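Everything below concerns the one structure shown next.
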Amino acid sequence: MQRFKAGLNSMLLAGSGLAALLGPTLVQAQTAAPAPQPEVTDSTDIIVTATRRDQLLSKVPISVSAFTQKRADELGIKSFTDVAKFTPGVAISQSNSGNDNIAIRGVSSNAGASTTGIYIDDTPIQIRQLGLNSNGAEPIVFDLDRVEVLRGPQGTLFGSGSEGGTVRYITPEANLNKTQVYARSELDATQGGAPSYEGGVAVGMPIIPGQLAARVSAYYHKDGGYINRQDPYTNQVTPDANSIDSIAFRGALTWEPSSHFK
């Protein structure tokens with residue numbers, strides 16, 4: 001009987017010791033804090049997601065150029081054609097089909113699969129065409145957090161259509177704690193043609209502070225025409241026939257019920 005009790009006590013002590021060793025590990029796994037966000041110490045530094053995680057632009061181990069919405073407004077950037085002017089190693093040209101062809105580090109394609117990936121957030125928007133240029137570099141995106149230009153090859157993270165590189169238009173999330181408003185307008189005149197103008201506004205606000213927020217935006221842009229087209233059969237003249245209207249709407253919802261889920 002004494003041997004049995006001694007053996008039982010030894011087993012209980014061993015079990016207690018094992019639990020003591022495993023216990024802190026299990027508790028630590030359940031209460032582990034999320035990865036800290038990079039801290040911006042320089043007003044000129046930008047947080048980018050070029051490597052699929054938040055990093056300071058100065059710490060990213062690849063060649064990246066990034067333009068925030070504020071910086072783009074200061075430089076007068078309205079399209080990717082303007083972005084290319086301020087980005088070394090990037091060139092843009094227009095093909096015979098009217099589409100834009102982006103070349104990063106001299107890598108481009110005039111037909112078939114694209115060599116430059118174009119993304120809005122994580123959604124690719126470039127298309128494959130046979131016999132025609134494959135890129136559409138001018139998406140109408142008004143409400144932007146930043147534009148990232150990743151020099152290639154970027155096939156590991158962004159697929160086979162990014163041999164030359166990748167262009168990412170990153171839209172802002174709705175802020176959970178404060179109301180944000182962004183607006184922009186412009187008016188231009190063309191000699192001998194119609195005026196050009198644009199206007200847009202984006203508003204974001206918390207619905208449940210700290211947990212739920214929404215952001216909506218609307219944008220309209222008109223390129224005034226300057227060509228009067230005459231119908232050869234009816235002789236009817238259409239003034240400013242090459243004018244272009246562009247409209248963009250966007251809605252975003254951010255929900256963060258806990259620090260581990262967003």
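The values are calculated or read from the model by the stated rules, or taken from the named source; none is laboratory data. As the structure is a prediction and not an experimental result, all values here were calculated from the model. Neighbour counts are summed over all protein chains in view; Cβ atoms, including those assigned to glycine, are modelled from backbone coordinates with ideal geometry. Note: areas computed on protein heavy atoms with side chains; ligands, DNA, RNA excluded. Shrake-Rupley method; radii C 1.70, N 1.55, O 1.52, S 1.80 Å.
See the values below:
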{"read-out": "Rg over Rh, two decimals, segment 153-218 (C-alpha only, Kirkwood Rh)", "value": "1.22"}
{"read-out": "Paired Rg and Dmax values of segment 105-262, which use every Cα atom, in angstrom", "value": "20.6, 68"}
{"read-out": "Distant-in-sequence amide H partners of Ile118 (H built 1.01 Å from N, under 5 Å)", "value": "Ile125, Gln126, Val167"}
{"read-out": "Heavy-atom accessible area order for Val216, Val141, largest first, 1.4 Å probe", "value": "Val216, Val141"}
{"read-out": "Whole-Hz couplings from phi, Karplus 6.51/-1.76/1.60, listed for segment 168-176; x for Gly and Pro", "value": "10, 9, 9, 8, x, 7, 6, 7, 7"}
{"read-out": "In Å², nearest 10: area of Asp223 left accessible to a 1.4 Å probe", "value": "60"}
{"read-out": "Distance in nm between pseudo-label sites at Ser93 and Asp245 (7 Å out along the Cβ direction from Cα)", "value": "3.5"}
{"read-out": "Proximal aspartates and glutamates to Lys70, defined as alpha-carbon separation beneath 18 angstrom and excluding residues fewer than eight positions away on the same chain", "value": "Asp42, Asp45, Asp82, Asp143, Asp145, Glu148, Glu173, Glu186, Glu198"}
